[in-house]
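Notes follow once the structure below has been shown.
The values are calculated or read from the model by the stated rules, or taken from the named source; none is laboratory data. Only a predicted model underlies this, so the values are computations on that prediction, with no experimental measurement involved. Here the Cβ positions follow ideal geometry from the backbone for every residue, glycine too, while neighbour counts run over all protein chains shown. Please note that ligands, DNA and RNA were not included when accessible areas were found on the heavy atoms of the full protein model with its side chains. Shrake-Rupley method; radii C 1.70, N 1.55, O 1.52, S 1.80 Å.
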Amino acid sequence: MVCHVMGLLVQGNKPQQNKCTDFPGWSVKEMLPLKMPIFSPTVFDTQSAATLLLLLLLLLLFTTWNRANQSHIPGPSFYAGLGPILSYGRFIWTGIGTASNYYNNKYGSIVRVWINGEETLILSKSSEVYHVLRSANYTSRFGSKAGLECIGMEGRGIIFNSDVPLWKKVRSYFAKALTGPCIQRTVPICVSSTAKYLDRLQEMADPSGHVDALNLLRVIVVDISNRLFLRVPLNEKDLLVKIHNYFETWQAVLIKPDIFFQLGWLYNKHKRAAQELQDVMESLIKIKRNTINESEKLDDDLDFASELIFAQNHGELSADNVRQMVLEMVIAAPDTLSISLFFMLLLLKQHPNVEQEIVEEMNADLGDKDAENIDYQNLKVLESFINESLRFHPVVDFTMRKAIDDDTIEGIKIRKGTNIILNIGLMHKTEFFPKPKEFSLKNFDKTVPSRFFQPFGCGPRSCVGKHIAMVMMKAILVTLLSRYTVCPQQGCTISNIRQTNDLSQQPVEDENSLAMRFIPRMTQSQHTQH
């Protein structure tokens, strides 16, 4: 008891009163057991003094710890270590995107939190975001090392590779594959792949005539990716299942604590899912290698996989890196571009006037031409629609970085090793645009400065496929909308379908939210006849 200990310290070895001040009216004898060991006053006083000193030391450590972790940056309090646990728990429980939006909405455009014990800043102000995107100081990314090893991204590939020199080398292969001649081949391949699967809609429709629109878009995009970058026979349906499971694993392990990977009953299913897709990639590369070896003459324009195989043969890339690079090229579109297109179809039905404008613009440019020969640069309404869709409801609305060295952002000191989350989705809804909270093509009536609109990022670690992604989205939408208008299930809109926002915003895949009817559109000649 504190009062009793203090009394002992003050009185030293003086005879003690036979009363306890904490419990008036009780004598010490009444409180002691009959056979309680008897300590000498000197021993008892020494123990009491030591106890008090220990309490004072703990109080000093507690105060120092709290002061050391106090920050002028807004965010949850440290609370002697409880704050980091609570903020990390929110990221684990609700997902990275959802948690980032929560903290920015609660504390402002710059917030300090903790992820797995590491100080992390969430930025949503355009000037701060733009600074990080353009700076070479933030070309590294953060995540659980064990988690990244599980999915093959630790020191490999391009997406989460934080070995900056190797990442730069790897990026050069992606840049070559996603620019120049490849973009010229993209339009005809996108048109023919989209048309091929639209011709098979009856095979994919359920008895009520509805089609799983997201699955259709994924199949189209995987076929396009294969024809552009791999050129090997594959089972799209089986591959899509493995890609989906891999992506679920990616989300599950990215920021998990080390102990998670020691719990086999939790971790093993994710490990298997990652390994299954890696094994598929290995087999596809083997098929590609055999095709190259058996070919008498190679194409003048080597595809991505061929370039990597030759680089491995010359000792420039490891086999593991080749496998991971092919994997990342294959998975990039099905779980980003295809979901973006799905969201766009939903938005078109919520804004039929926009769909009408797009179709009229397409018809005016198409004439007697097919979708392969259309001048996509002239489709300004379509481009504004795509940009507004990416602004209003992006699939990936944040990016993760790590400070390589000390820095200062608008007067705020950033220490080396600090994690950074750029909440670009929230930035797009809070600055510059005339109607930031609404879906409106008026948001792109005027040229938007790049610092206010970053759907693909900018600077040294921007999305290397941003140009080809725009071409693919335009070609797929033109081909689809020239033949069909879509009709989602009644009441199915962007705002009310169930979604998650962990690594990206995705619809929860149930029958009600993903099924659409594809209604044939009247051609210009049919309109003339009527």
(request) Sort out for me the Cα centre separation of the range 75-93 from the range 306-379, rounded to whole Å. (result) 39 Å
(message) Calculate the FRET efficiency for Q275 and T94 from the Cβ-Cβ distance with a Förster distance of 30 Å, rounded to the nearest 0.05.
(response) 0.60
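When a/c reaches 1.5 or more, the comparison of a/b and b/c decides; with that in mind, is the range 91-141 rounded, prolate or oblate per its Cα gyration tensor? Each step should come with its number before you reach the end.
Values: a/c = 2.15, a/b = 1.37, b/c = 1.57.
Oblate, because a/c is 1.5 or more while a/b does not exceed b/c.
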(request) Compute the FRET efficiency between H351 and I183 as 1/(1 + (r/R0)^6), taking r as their Cβ-Cβ distance and R0 = 25 Å, and round to the nearest 0.05. (result) 0.30
(message) What figure, in Å² to the nearest 10, do you get for the accessible area of R415 with a 1.4 Å probe and non-protein molecules left out?
(response) 150 Å²
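Kindly report the accessible area of the range 104-154 per residue (heavy atoms of protein chains, probe 1.4 Å, no ligands, DNA or RNA), in Å². Intermediate values should be presented prior to the final figure.
Values: 1710 Å² over 51 residues.
Per-residue accessible area for the range 104-154 comes out at 33 Å².
If you take the beta carbon distance between C458 and H72 as r and set R0 to 35 Å, what does 1/(1 + (r/R0)^6) give as a FRET efficiency, to the nearest 0.05?
Numbers: r = 29 Å, r/R0 = 0.82.
E between C458 and H72, to the nearest 0.05, is 0.75.
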(request) Show which lysines lie in cross-link reach of K369 when reach means a straight Cα distance below 29 angstrom and same-chain residues fewer than eight apart are skipped. (result) K196, K349, K380, K466, K474
(message) Can you tell me the length gained on complete extension of the stretch V241 to R289, counting 0.36 nm per residue apart and subtracting the Cα distance?
(response) 14.8 nm
(request) Could you provide, to the nearest whole Å², the per residue accessible area of the range 309-393 with probe 1.4 Å? (result) 36 Å²
(message) I'd like the accessible area for T336, computed on protein heavy atoms only with a 1.4 Å probe and all protein chains in place. Round to 10 Å², please.
(response) 50 Å²
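For the range 159-274, what class follows from the C-alpha gyration tensor (a ≥ b ≥ c being the square roots of its eigenvalues): rounded when a/c is under 1.5, otherwise prolate if a/b is larger than b/c, else oblate?
Numbers: a/c = 3.16, a/b = 1.24, b/c = 2.55.
Note, shape of the range 159-274 comes out oblate.
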(message) For R517, what residues show an amide H to amide H distance below 5 Å, using hydrogens built from the backbone and excluding near sequence neighbours?
(response) V211, C487
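By its C-alpha gyration tensor, with a ≥ b ≥ c as the square roots of the eigenvalues, how is the range 265-344 shaped: rounded for a/c under 1.5, else prolate for a/b larger than b/c, else oblate?
Details: a/c = 2.50, a/b = 1.42, b/c = 1.76.
Oblate, since a/c reaches 1.5 and b/c is not below a/b.
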(message) Run the simple label-point estimate for Q489 and H314 please: 7 Å along Cα→C-beta, distance reported in nm.
(response) 5.3 nm
(request) Quick one: compute a quarter of the convex hull surface over the Cα atoms of the range 202-246 and quote it in nm². (result) 3.7 nm²
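Grab the Cα-Cα distance for K176 and Y376, subtract it from 0.36 nm times how many residues apart they are, and report the gain in nm with one decimal.
Values: separation 200, 0.36 × 200 = 72.00 nm, distance 2.23 nm.
Answer, rounded to one decimal: 69.8 nm.
Computing the accessible area with a 1.4 Å probe over protein heavy atoms, can you report the carbon and sulfur percentage for the range 365-462?
About 48 percent, which is the carbon plus sulfur part of the accessible surface.
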(request) Provide the per-residue ³J(HN,Hα) series for the range 443-450, in order, calculated from phi with Karplus coefficients 6.51, -1.76, 1.60 and θ = phi - 60°, each as a whole number of Hz, with x at glycine and proline positions. (result) 5, 10, 5, 10, 4, 9, x, 4
(message) Show me, for the range 251-265, the HN-Hα J-couplings you get by feeding each phi into the Karplus relation (A = 6.51, B = -1.76, C = 1.60, θ = phi - 60°), rounded to Hz, glycine and proline as x.
(response) 5, 6, 9, 4, 10, 6, x, 4, 5, 4, 7, 8, 9, x, 5
(request) Extending each Cα 7 Å along its Cβ direction at E203 and N268, get the distance between those two points in nm, one decimal. (result) 3.8 nm
(request) Just grab the label-to-label distance for R415 and N105, each label 7 Å out from Cα along the Cβ direction, in nm (one decimal). (result) 3.1 nm
(message) How large is the accessible surface of K176 in square angstrom, using a 1.4 angstrom probe and rounding to the nearest 10?
(response) 130 Å²
(request) Report ³J(HN,Hα) in whole Hz for each residue of the range 160-170, in order, from the Karplus equation J = 6.51 cos²θ - 1.76 cosθ + 1.60 where θ = phi - 60°; Gly and Pro get x. (result) 10, 6, 9, 7, 4, x, 5, 4, 4, 5, 5
